[in-house]
Structure formats: C-alpha cells, structure tokens
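Q: Here it is: the structure, laid out below.
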Amino acid sequence: MIVRVLQEPDAKSYQEVRLSGLRNDPDAFGSTFEREKEFSLETVISRISPNQDRFVLGAFVEGELVGIVAFVREVGMKIAHKGNIFGMYVVPEARGTGVGRELLLELIKKAKDMEDLEQINLTVISGNSNAKKLYASLGFEIYGTERNALKYNGQYFDEDLMALKL
C-alpha cells in the first residue's frame, strides 16, 4: 500500500472514489452524489490541489486508489491552531485491511509537521461505530454530539465531534 498526497493527475481517480462514497454511503457525508457528479474535472483538481494549509491523501493498492481523506487547516488568526478532517472514505472491498488507519497515520504525521498546529478535529455519524473505534484507537476523543447534524431523505443523523491534541 502506498499513501501519498494526491496531485492533479489523480483527479479523475479521486472523483470516482468520492462519487462511489457519496453513492454507497450517502448518510456519511455532508455533500451528495447529485451535487458532486456535476463537478468538472477542473473543479476536482482545484479541490485536491495541495497548499500549505490543505491536502488530500490517497491510499493506493496495486496502483488503484482505494481510500481518500482530506485535511484543511483553519485560517483565522484565533483558530489557525486547528485543522479538520473531511471526506474520509475507503472503498468497501478494501475495508478491514488497514487502509483507513494508514491514511490517518499519514495525515497525523503531516499535520504534526505544520507549524503551530495543535489539534485535529473531525465529525463522524454517531452510529458509525467502526469509524469511531478507528479514530479512538489513534487518540481522537469525543467532545460533543450535534443532534440532527445531517438530514437526508427525511431522516436525521447525529454527528459526534472528535478531536486529537497533537
């Protein structure tokens, strides 16, 4: 398995995996398949292009992209000590193989190299026990729950707020 920062040539593969996640696990994301299927390749490229405050990691097995996760640092003067994880997804056939753990370990390593970054935050659907167990095993702690955080097809989903102190 290779975990690395995604670049422009990875945009098409990223979009395929992202759309797969939105289609297969729609309740796990704030966005929707219907919205993102309309994104142009240029939009996807701009979303994954790394800079000093953000990056998207991809996990590759035998050359195939099987997992993604994004990191975005806060930009305000009083909140720049924090960053956020977004869009964590591992394709179903690669789950249980350590892909998610490797993505997060690399993300945490890269985040620790960022000057003055002290905390990583994420949200996870409260009922997603597998994801919560993975996050907790890496040191993330629940600090709150947002009731009715997402609404999809008339159903509400709570999200647990988790943080990792670096």
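Q: Where residues in the stretch 7-16 are more than 16 Å from ALA94 (Cβ to Cβ) and touching a residue at least 40 places away in the same chain (Cβ under 8 Å), which of them is most open to solvent (accessible area, probe 1.4 Å)? Give the derivation first.
A: In the first step, residues of the stretch 7-16 are kept if they are more than 16 Å from ALA94 (Cβ to Cβ); the result is 7-12, 15.
Retained after the next criterion (residues that are touching a residue at least 40 places away in the same chain (Cβ under 8 Å)): 7-8, 10.
Details: GLN7: 85, GLU8: 115, ASP10: 18 Å².
Ranking the qualifying residues of the stretch 7-16, first place goes to GLU8.
Q: Condition check: of a type in the set (Gly, Ala, Ser), outside any helix (DSSP H, G or I) and open to solvent by 70 Å² or more (accessible area, probe 1.4 Å). Does GLY144 satisfy that?
A: no
Q: Restricted to the stretch 17-48, and to residues that are more than 25 Å from PHE157 (Cβ to Cβ) and out of contact with any Phe, Trp or Tyr (no Cβ under 7 Å at 6 or more places or on another chain), which residue is surrounded by the most Cβ atoms within 10 Å (Cβ to Cβ)?
A: Per the criteria, the residue is ILE45.
Q: Which residues, taken from the stretch 14-25, are of a type outside the set (S, T, N, Q) and more than 14 Å from the chain's Cα centre (by Cα)?
A: GLU16, ARG23
Q: Could you grab the pairs with beta carbons closer than 8 Å, sequence gap of 6+ or different chains, first residue in the stretch 31-54 and closer than 23 Å to THR123 by Cβ, second one open to solvent by 40 Å² or more (accessible area, probe 1.4 Å) and not in a loop (DSSP other than H, G, I, E, B)?
A: THR32/TYR152; PHE33/ARG23; PHE39/ARG47; VAL44/LYS12; ILE48/GLU8; ASP53/VAL72; ARG54/VAL72
Q: Return the pairs, sorted by first residue and then second, in which the second residue is among the small types (Gly, Ala, Ser) and open to solvent by 70 Å² or more (accessible area, probe 1.4 Å), the first residue lies in the stretch 145-166 and is touching a residue at least 12 places away in the same chain (Cβ under 8 Å) and farther than 20 Å from LEU134 by Cα, the beta carbons are less than 7 Å apart, and the residues are 6+ apart or on different chains.
A: LEU150/GLY30
Q: Hey, PRO92 hits all of (1) more than 23 Å from LEU22 (Cβ to Cβ); (2) more than 15 Å from the chain's Cα centre (by Cα) but one; which does it fall short on?
A: Here PRO92 clears every test but (1).
Q: To continue, here is another question. Report yes if PHE33 is in contact with a Lys or Arg (Cβ under 6 Å, 6 or more places away or on another chain) and over 25 Å from LEU117 (Cα atoms), otherwise no.
A: Here the answer is yes, as PHE33 does meet what is asked.
Q: Right, another one. Need at least 3 residues that are of a type in the set (Val, Ile, Thr) and open to solvent by 50 Å² or more (accessible area, probe 1.4 Å) per element, so show me which strands (runs of 3 or more DSSP E) inside the stretch 49-119 make the cut, counting only ones lying wholly within it. Full working, then the answer.
A: Details: elements: 54-61, 64-73, 82-90.
The strands (runs of 3 or more DSSP E) meeting that bar number zero.
The values are calculated or read from the model by the stated rules, or taken from the named source; none is laboratory data. Owing to the predicted nature of the structure, the values given are computational and were not obtained by experimental measurement. Reconstructed Cβ throughout: ideal geometry from the backbone, glycine too, with neighbour counts over all protein chains shown. Calculation scope for accessible area: heavy atoms of the full protein, side chains included, ligands and nucleic acids excluded. Shrake-Rupley method; radii C 1.70, N 1.55, O 1.52, S 1.80 Å.
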